[in-house]
Amino acid sequence: MKNLVPVAVFATIAVAPQFALGAIASPAQASNPQHVQRLLKTGECVSCNLEGADLSGAHLIGADLRNANLQGAKLIETNLEGADLTGANLKNANLTSAFVTNAILNDSNMMNVNLSSVRMYNAQTFGANLEGVNIQNAEVYNSGIGVGGGEER
């Protein structure tokens with residue numbers, strides 16, 4: 001009889017999250033799956049809804065993501081080298097350990113973006129909202145992002 005209790009508890013725990021996911025839309029489900037597939041297949045997704053999408057580890061070299069909604073997206077260890085994110089909404093996105101060299105982020109919303117451990121060289125950030133950006137342990141050079149005050153190191 002003692003063996004039945006853990007099984008019953010496990011069944012409740014395993015089944016309960018499925019009901020919760022079906023009843024409440026999470027940010028990860030907000031993205032358009034067809035847009036995600038188009039981006040991964042073609043490298044182009046202008047004005048796409050990729051909100052909350054998990055694109056971690058994707059190779060998006062030279063991707064055209066102008067005006068895309070990437071709010072809350074997971075871009076952990078994603079290669080965005082040369083990507084065009086002009087006007088993109090990256091609010092609350094996670095780019096931990098991403099590679100963002102020569103990317104264009106002009107006029108993008110990068111509010112509260114996690115850029116910890118990112119490698120960002122020569123990225124364009126003119127007119128971008130950089131409020132609350134986390135650059136802890138990041139390598140950011142010639143990109144208009146840095147800690148205010150003091151000399152460049």
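Report the normalised scattering of the range 26-120 as log10 I(q)/I(0) at q = 0.11, 0.17, 0.19 Å⁻¹, calculated by the Debye formula with identical scatterers on the alpha carbons.
For the range 26-120, the Cα-only Debye profile gives -0.23, -0.58, -0.75.
Quote the FRET efficiency, to the nearest 0.05, computed for Asn67 versus Thr42 with a Förster distance R0 of 22 Å and r equal to the Cβ-Cβ distance.
0.85
Give, as a single signed number, the net charge of other residues whose beta carbon lies under 14 Å from the beta carbon of Gly43, with Lys and Arg counted +1 and Asp and Glu -1. All intermediate terms of the calculation are to be shown ahead of the outcome.
Numbers: positive: Arg38, Lys41, Arg66; negative: Glu44, Asp64, Glu81, Asp84.
With Lys, Arg at +1 and Asp, Glu at -1, the net is -1.
None of the figures in this text is laboratory data; all of them are computed from the coordinates on show. Remember, it's a predicted structure, so these values are computed and weren't measured experimentally. With ideal geometry, Cβ positions are generated from the backbone for all residues, glycine too; neighbour counts draw on all protein chains shown.
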